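Each value in this text was obtained by applying a stated rule to the coordinates, not by laboratory testing. Just so we're clear, the structure is a prediction, and the values are computed from it rather than from any experiment. Neighbour counts run over all protein chains shown; Cβ positions are idealised from the backbone, glycine included.
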Amino acid sequence: MEIRPARPEDYDAVAAFTRDTWADRGVSDYLPDVYHDWIAPGESERATLIVDMGEETPSDDVAAIAQVVMLSEYEGWAQGMRVAPDYRERGLATKLSRALLDWARERGARRVRNMVHSWNVPSLATTRTAGFDPGIEFRWAMPDPDSTADPEAAVGDDADAAWAYWTGCEARTALSGLALDPAESWALSELTRERLHDAADDDRLFVVGDDRATGFTYRNRTFSRESDDEGEVTWAEYAVAAWDDAAACGSLLDAVRRDAASVGADRTRVLFPERVDWITDAALARSDLAEEPTFVMEADVS
């Protein structure tokens, strides 16, 4: 067995065992679509590693794949762990995860995180075995875009007000200071003041409150995906949302509805911490919600 960097010629083998990863849930696996991007040179420092079993048949060589990306000087993000069905229950995911952690540590990482769906029990066990500890949990709010949405409270774009609110709010504690990363999709990294100023400069920041901030969010990106039922669907994604109470939540999600419509989005997703009061606030604001929370795990590699 050898753990080595993935190569272009490994694509067919990887695609063969990843295409139907979540077929039982009616969800397609993104990995075959991004494989060549993952192994191409890019701005982010990253390693895409595979487990090569050295079989005589080339298509049987690749038994597992995963990637780690440096999100900042001290934060790594692990993702895309897949093990071929014939090689499961052999500890390959643990060995590969530890290789990713070693790679990140050598490049200065102090924390490496990953994301696991709460329903994915085998991956939760593998992640713990590989050295990741429980981190944070979040849920998606998904208010429908609406150009006529009219927030009851004033909505501004003061980045310093948003930062002051963030540094003192319970949502920040619940999320350990994390928000969606601006460059790596489906990754979380520590929210910085600079990101809020960048969002304000691009008219992507929304701060609720008159005399003082009572909540904020900002649009992280828009992207399009093909849907079997609807064709191309455009999403507006909001990196994190925090608010004081149900009234602030209502105004904040109305600001999201209006903004998403302004950029031509068909759907939204807004990250917020998992807690019953925040979940019911979003429900009161007439927002759809993800059916289940998502977990972020964390490994200390300092």
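Cβ-Cβ distance of Arg7 and Glu43, R₀ of 25 Å, FRET efficiency by 1/(1 + (r/R0)^6): the value works out to about 0.75.
When the helices in the chain are scored as -39500 (n - 2.57) per DSSP H run of 4 or longer and the sum is shared across all residues, what 222 nm value do you end up with, to the nearest 500 deg cm²/dmol?
Numbers: 9 runs with 91 residues, N = 302.
Result for the chain: -9000 deg cm²/dmol, rounded to the nearest 500.
For the stretch 89-174, a crude dipole built from +1 on the beta carbon of Lys and Arg and -1 on the beta carbon of Asp and Glu, taken about the Cα centre, is about 1100 debye to the nearest 20. When the alpha-carbon atoms of the chain are used, the pair Rg, Dmax equals 20.3, 70 angstrom. The peptide list 263-269, 187-193, put in order of mean Cβ contacts within 10 Å with the highest first, becomes 187-193, 263-269. Since only Ala154, Cys249, Ser97 are under comparison, the one whose Cα sits farthest along the positive direction of the charge dipole of the chain, derived from C-beta charges on Lys, Arg, Asp and Glu, is Ser97. Here the dipole of the chain is about 880 debye; that uses its Cα centre as origin and unit charges on the Cβ of Lys and Arg (positive) and Asp and Glu (negative). Amide H to amide H, with H built 1.01 Å from N, Thr214 comes under 5 Å of Val208, Gly209, counting only residues 5 or more places away or on other chains.
Ranking Ala179, Ala200, Ser287 by Cα position along the charge dipole of the chain, where only Lys, Arg, Asp and Glu carry charges on their C-beta atoms, puts Ala179 farthest toward the positive end.
Report, in debye and to the nearest 20, how large the dipole of the stretch 100-255 comes out about its Cα centre when Lys and Arg carry +1 and Asp and Glu carry -1 on their Cβ.
Charge dipole, the stretch 100-255, about its Cα centre: 1120 debye, nearest 20.
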